[in-house]
Every structure is written in C-alpha cells, then in structure tokens.
Amino acid sequence: MTRTYTYFKRKKLSRDVLIYEGELGSMPSTAEADSLAYSIDLTHRRFELWQNTPHGSHSLLSGSFTGVFGYSASVSGDSLISSAKRNGIFSSGWTFVFMARKYRWRVTPFSSRWELRDGDRVLAEFERSRLRIDKIGVLRILDESEGEMFRAMVLLTCEMVHRTVKSTERHAGGGG
C-alpha cells in the first residue's frame, strides 16, 4: 500500500515543515487542516517530528545534528535510538539506521526527485515542487512493512535531505 504525504513550509521564512496526508496542490485552509498528519520543528542544530491526532499532537522523534558541519545526526523516540549521516561530503543524500539496517536516500544531481533505497529496492520517492514557494514536494512511501516508527524516520530524513539539497544549491549558485 502506497501512502502519500505533501510537505509545506509553515511560513514563508520559517524552517518548520507541515506534512499533510495525501497529494495536495496547495496548503489547506484552517478549516481543511484535518489532513495535517505531522509537523517538523527545525532549528540550526535540533529537530523534532510531531504526530498530529484528533486528540492533540505528540512528539515521535527528536534529535540533533552533530559534528562541526552537521553532517550526522542522532535521533531518538519511543524505544528507538538511531543515527543518520550524509552519504559523503559532496553528496546531498543521507543514510539512516533503523533496526540495525541501513537505508539510503539517493539524490541525483540536478534532479527534483530522490529515492529511499534498501539495496536495489525502492521504498519511497520524493518529488520536489519547483513552482510553488510554500509547497516543498510530495513523498510517496511505497513500502511500510516496518511500521509507524519507520515511517516517522522516512518523513524526518526526507526533510533532512531536502534541507541539504537546498543548501547545496545555494552554495553552488553563489547565494549562500
């Protein structure tokens, strides 16, 4: 079963991200916001993934970027301690560990699409939006056999990849 999530910036200059279930063309109005499934609060060194339910929100994962340049991260949540790191100094992709297995986000240079892989198997695909200023893109999780915490790691690390891609583009374009 494939699940689709649409990522939006919370506000124009904010680092925070809102994640809605389904593929949406634009951010829902306040009245339609019941499809808000997750949100990510980001600072320069810390992050937190929140799950939104009809009964309120609760933190699923939190952590911090480590190392001098923030090329790795430690992540923790309910009965989960994990890590993530950039695939290489010149790569925008990230690899994360979940239940003693490594999963790798593969980013093709100059492409608006990247994939989460377990060896040769594609588990998720992200298509970045280039036309809208508030919409980041759409994530399709193709395999959710690992459960809710795996989905949370995919949602979180997908945004880590997005931030790295944007940073790389700014530096390559001389704008950063």
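The values are calculated or read from the model by the stated rules, or taken from the named source; none is laboratory data. Because the structure is predicted, anything quoted here is derived from the model rather than measured. Reconstructed Cβ throughout: ideal geometry from the backbone, glycine too, with neighbour counts over all protein chains shown. Please note that ligands, DNA and RNA were not included when accessible areas were found on the heavy atoms of the full protein model with its side chains. Shrake-Rupley method; radii C 1.70, N 1.55, O 1.52, S 1.80 Å.
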Mind putting a number on the dipole of the stretch 57-123 about its Cα centre? Charges go on the C-beta only, +1 for Lys and Arg and -1 for Asp and Glu, and I need it in Debye to the nearest 20. 220 debye
Would you mind pulling out the separation of the Cα centroids of the stretch 97-157 and the stretch 50-91, in Å? 14 Å
Calculate, for the stretch 104-149, the solvent-accessible area per residue in square angstrom, rolling a 1.4 angstrom probe over the heavy atoms of the protein chains. 57 Å²
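On the accessible surface of the chain, probed at 1.4 Å, how many percent belong to carbon and sulfur atoms?
Carbon plus sulfur share of accessible area: 53 percent.
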Once the whole set of protein chains is in place, how much accessible area is left on Thr43, using a 1.4 Å probe, in Å² to the nearest 10? 70 Å²
Mind checking which lysines have their C-alpha under 22 Å from Lys135, skipping anything on the same chain fewer than 8 residues away? Lys9, Lys11, Lys12, Lys166
Once all protein chains are kept in place, Glu48 shows an accessible area at probe 1.4 Å, nearest 10 Å², of 50 Å²
Report the relative contact order of the stretch 1-150, percent, no decimals, based on alpha-carbon pairs under 8 angstrom and at least 6 residues apart. 20 percent
Excluding exposed DSSP-loop chymotrypsin sites (Phe, Trp or Tyr not before Pro) (at most 13 other C-beta within 10 Å), longest clean stretch of the chain: 1-68
Cβ-Cβ cut-off under 11 Å around Ser59, Lys and Arg +1, Asp and Glu -1: the net charge is -3
If the elastic network links every pair of Cα atoms under 10 Å, which of Ser83, Ser111, Ser129 fluctuates the most in the Gaussian network model of the chain? Ser111
